[in-house]
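Each remark here refers to the structure printed beneath this line.
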Amino acid sequence: MFGLLVLGLMMGHPLAFVLGGTAVLGALIAGKPMVLGIVINRIFGDVIDNYTLIAIPLFVLMAQFLSNSGVTDKMFESLRLLMSNVRGGLALAVVFISILLAATTGIIGASITVMGVMALRPMLQYGYAPTLTTGVIAASGCLGILIPPSIMLILMASYSPLSVGELFAGAMLPGVILGLLYAGWVAIVAAVRPDMAPSVQPDDMPPRRELVLMLLKEAMPPLLLIFGILGSLLAGIATATEASAIGAALALAIVIARRRFTLAGFYDALKETGKTSAMILFIVVGATAFTGVFNITGGLRATQEIIRGLDMEPWMLMTVMMFIVFILGAFLDWTGIVLLSFPIFLPIVQEMPSVDLLWFVVLMSIVLQTSFLTPPFGYALFYLRAIAPKEVKTTDIIKGVLPFIGLILLMCVAVALVPGLVTWLPATLYR
């Protein structure tokens, strides 16, 4: 089945249909076509009837509304001017705005596209190195898949014993620290190689007080949105699905309040939400079929026995699992990786009394950050290539993301050595 999966992907077919097609072929090759009836029941029970998954299209819709509102435009402009005298100030502004975007959108394509359109050409025009420019935009744009509200964490919660609130609380601190690591790297590059990240002296510099007031005014709506969603969710007032509905309604209210509402924009937001949600849920259906056949025909049990048979210390076994996830990230979408690896890894991890399941899942979500940046199938690379000017080479984009992949791996080591980075906030909130 894994051979057929790799073959289908190398032939260029969509992941969802490769997973579903492999499930059908696997059942027929195993001589157990009756298994497909059980798989269909699992799809209806685990996917179509899964109340938590409703949060995915609602958070996607919220992200589309915010993207249409232009809420980040003036924020970025005011922050860019405030940090104009700082070396690497433009790149630092990209990181900080991306952290705020991550906490409101959670959609990688939207974050990278918005930041790319706003910052890519100005950074290149002001003399920033193409590698640093593309690297910081691509890596910072991917923070939305880790910093809550994240659709990846929602999917992980629905296929694990953990709640969405626990996962959101566990991933929040590592996500913000990772963003600060990106900012630290930019500051180091600017200090060591000022030619790669120069300071910018704008021709028309408004008063600093005016810039600060403009930044606070523009940041207030998204901050209220963040506190409304995460506050109600982490406080236990609302479920993930209810919080996502509140978020979508508030985002629409922001669009209307900023006088950016149009019927055409509203229709485009609904259409893009439908496309994104369908893509994710098709992969979920295909992966459910794949793991169902793989499980019933004995593959899941055999794979778990092989891993148990390695007879390793828990930390070494965790390292092997994370390495597998990292390698898969170069070839598969995060949705497929989660749905293929969870049935294999989670039962083994739950057998280890010394390993916290929440810590393991958040660690895995950090590693999955690399799946957007590692060639040949890193989605962030494709998004950035689509909006980058012709003078920016694809090799510049790949070279640019390599230091940030290293920072993600460094964050994984930090979380592995200090589990409290993950467990402290959930323990405090849900004591």
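Overview of values
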read-out: Rg followed by Dmax, in Å, when the range 265-329 is reduced to its Cα trace; value: 18.2, 56
read-out: Kyte-Doolittle mean at least -1.0, axial Cα span of 30 Å or more - DSSP H helices of the chain; value: 164-192, 208-234, 263-296, 394-417
read-out: Rg/Rh for the range 191-317, where both radii come from Cα atoms and Rh is the Kirkwood radius; value: 1.19
read-out: Charged-residue dipole, Cβ positions (Lys, Arg, Asp, Glu), the chain about Cα centre, Debye nearest 20; value: 660 debye
read-out: Alpha-carbon Rg with Dmax, taken over the range 287-431, Å; value: 17.5, 54
read-out: Mean projection area, nm², convex hull over Cα of the chain; value: 21.6 nm²
read-out: Virtual spin-label span in nm between residue 86 and residue 382, 7 Å along Cα→Cβ; value: 3.4 nm
read-out: C-alpha center-to-center spacing [the range 72-130, the range 328-404] in angstrom; value: 22 Å
read-out: Rg/Rg_ref, the range 92-238, where Rg_ref = 2.2 N^0.38 Å and atoms are Cα; value: 1.17
read-out: Solvent-accessible surface (1.4 angstrom probe) belonging to residue 18, in square angstrom, nearest 10; value: 10 Å²
read-out: Residue 188/residue 402 FRET efficiency (R0 22 Å; Cβ-Cβ; nearest 0.05); value: 0.90
read-out: Most mobile of 357, 310, 223 in a GNM of the chain (Cα contacts under 10 Å); value: 310
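The values are calculated or read from the model by the stated rules, or taken from the named source; none is laboratory data. In this text the structure is predicted, and so the values were computed from the model without any measurement. Note: ideal-geometry Cβ built from the backbone for every residue, glycine included; neighbour counts use all protein chains shown. Side chains are part of the model used for accessible areas, which takes the heavy atoms of the whole protein and leaves out ligands, DNA and RNA. Shrake-Rupley method; radii C 1.70, N 1.55, O 1.52, S 1.80 Å.
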